[in-house]
Amino acid sequence: MDARPRIHLVDDDDIERWTARRLLGGLQADFVEHPSAAAFLAAYEPYAIECVVLDLRMPGCDGLEVQRRLRTHDVGPPIVFVSAYAEVPAAVQAIRGGADEFLSKPYDSGALFRAVNAALARSPSNHALRLRRSAVRARFALLSQREYEVIEAVSAGRTSREIADTLGLSVRTVENHRSRAMDKLHVGSVAELTRAVIDAGRDARPTA
């Protein structure tokens, strides 16, 4: 790893944060401590190599709510949940939401180290995906509303004739919109176009 890893420790218990930091010291990372979910959410910025060690139960906003809000980012950071309570439903929900691991307190030091190390190893691929999606969205911003409507329909498998009938355009006009849009998006096939639409998500839809 070229960049120094960043580990966020989110827990309202000072002793728990201190303990986690001591157990993870061998990772040679930069540790950022947050005494509440609100403090973490206010300070968090995506980073190339990162992991969040997140307590499940905290006053106000709990760990699952933090996880939900982080998913509003392009690609959320890897998360290792920790909890002093045996909460199987919450653990299942956390894992289904994309958490890397769910550990019960007091956790085995080796288990925490392995979980965080694995999360950090996965983080660069998350970051690469985040950058790719950001670049794709920047290209989508160049599209007109009509161009977007056309390429969205193309990616859904509709023919130029079907699109023309739906939008009240000629087939030639549809194909011109399609050609210009694909040039702006730097794609050369329907398969590449479909992948670009998926990567961009709903946020790519023009507002005017």
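Just one of (1) farther than 18 Å from residue 128 by Cα; (2) crowded, with 21+ Cβ neighbours inside 10 Å; (3) modelled with pLDDT of 85 or more; (4) not acidic (Asp, Glu) fails for residue 102. It is (3).
Give the residues of the stretch 1-26 that are surrounded by 17 or more Cβ atoms within 10 Å (Cβ to Cβ) and either among the hydroxyl-bearing types (Ser, Thr, Tyr) or closer than 18 Å to residue 118 by Cβ (or both), sorted by residue number. 5, 6, 7, 8, 9, 19, 20, 23, 24, listed by residue number.
Close contacts from the stretch 6-20, counting a first residue that is of a type in the set (Lys, Arg) and a second that is part of a strand (DSSP E or B) and buried (at least 19 other Cβ atoms within 10 Å of the Cβ), with Cβ to Cβ under 8 Å and a gap of 6+ residues or different chains, come to 6/50; 6/51; 17/9.
Residue count for the stretch 105-162 under the criterion of being closer than 17 Å to residue 185 by Cβ and in contact (Cβ under 8 Å) with a residue 12 or more places away in the chain: the result is 22.
Can you name the residue in the stretch 166-193 that is among the basic types (Lys, Arg) and surrounded by 12 or more Cβ atoms within 10 Å (Cβ to Cβ) and is also nearest to residue 132 (Cα to Cα) among such residues? Quick ask: steps written out before the conclusion?
Filtering the stretch 166-193 for residues among the basic types (Lys, Arg) gives 172, 178, 180, 184.
Narrowing further to those that are surrounded by 12 or more Cβ atoms within 10 Å (Cβ to Cβ): 178, 180, 184.
Working: 178: 22, 180: 21, 184: 15 Å.
This residue is 184.
Taking the criterion of being at pLDDT 90 or above, farther than 23 Å from residue 121 by Cβ and in the same structural domain as residue 111 (by TED's automatic domain parsing), would at least one residue in the stretch 49-56 satisfy it? The answer is no, given that none of the residues of the stretch 49-56 is at pLDDT 90 or above, farther than 23 Å from residue 121 by Cβ and in the same structural domain as residue 111 (by TED's automatic domain parsing).
Within the stretch 105-145, the set of residues being in contact with a Phe, Trp or Tyr (Cβ under 9 Å, 6 or more places away or on another chain) and either of a type in the set (Phe, Trp, Tyr) or at pLDDT below 80 (or both) comprises 140 only.
Residues that are more than 30 Å from residue 21 (Cβ to Cβ), surrounded by 15 or more Cβ atoms within 10 Å (Cβ to Cβ), of a type in the set (D, E, K, R) and without any contact (Cβ under 8 Å) to a residue 24 or more places away in the chain are absent from the stretch 197-206. Looking at the structure I just gave you, is residue 159 polar (S, T, N, Q), more than 22 Å from residue 45 (Cβ to Cβ) and modelled with pLDDT of 85 or more? Yes.
If you check residue 90 against the conditions, is it at pLDDT below 85, surrounded by 19 or more Cβ atoms within 10 Å (Cβ to Cβ), part of a helix (DSSP H, G or I) and not charged (D, E, K, R)?
Numbers: at pLDDT below 85: yes; surrounded by 19 or more Cβ atoms within 10 Å (Cβ to Cβ): no; part of a helix (DSSP H, G or I): yes; not charged (D, E, K, R): yes.
Here the answer is no, as residue 90 does not meet what is asked.
List the helices (runs of 4 or more DSSP H) that sit entirely inside the stretch 1-82 and contain at least 1 residues that are of a type in the set (D, E, K, R).
Details: elements: 14-23, 37-43, 63-70.
Correct list: 14-23, 63-70.
Kindly establish whether residue 155 is of a type in the set (Ser, Thr, Tyr) and either touching a helix residue (DSSP H, G or I) at 6+ places or on another chain (Cβ under 9 Å) or crowded, with 17+ Cβ neighbours inside 10 Å (or both). For residue 155, the condition - of a type in the set (Ser, Thr, Tyr) and either touching a helix residue (DSSP H, G or I) at 6+ places or on another chain (Cβ under 9 Å) or crowded, with 17+ Cβ neighbours inside 10 Å (or both) - is met.
The values are calculated or read from the model by the stated rules, or taken from the named source; none is laboratory data. The structure displayed is predicted, hence computed values, not measured ones. Neighbour counts are summed over all protein chains in view; Cβ atoms, including those assigned to glycine, are modelled from backbone coordinates with ideal geometry.
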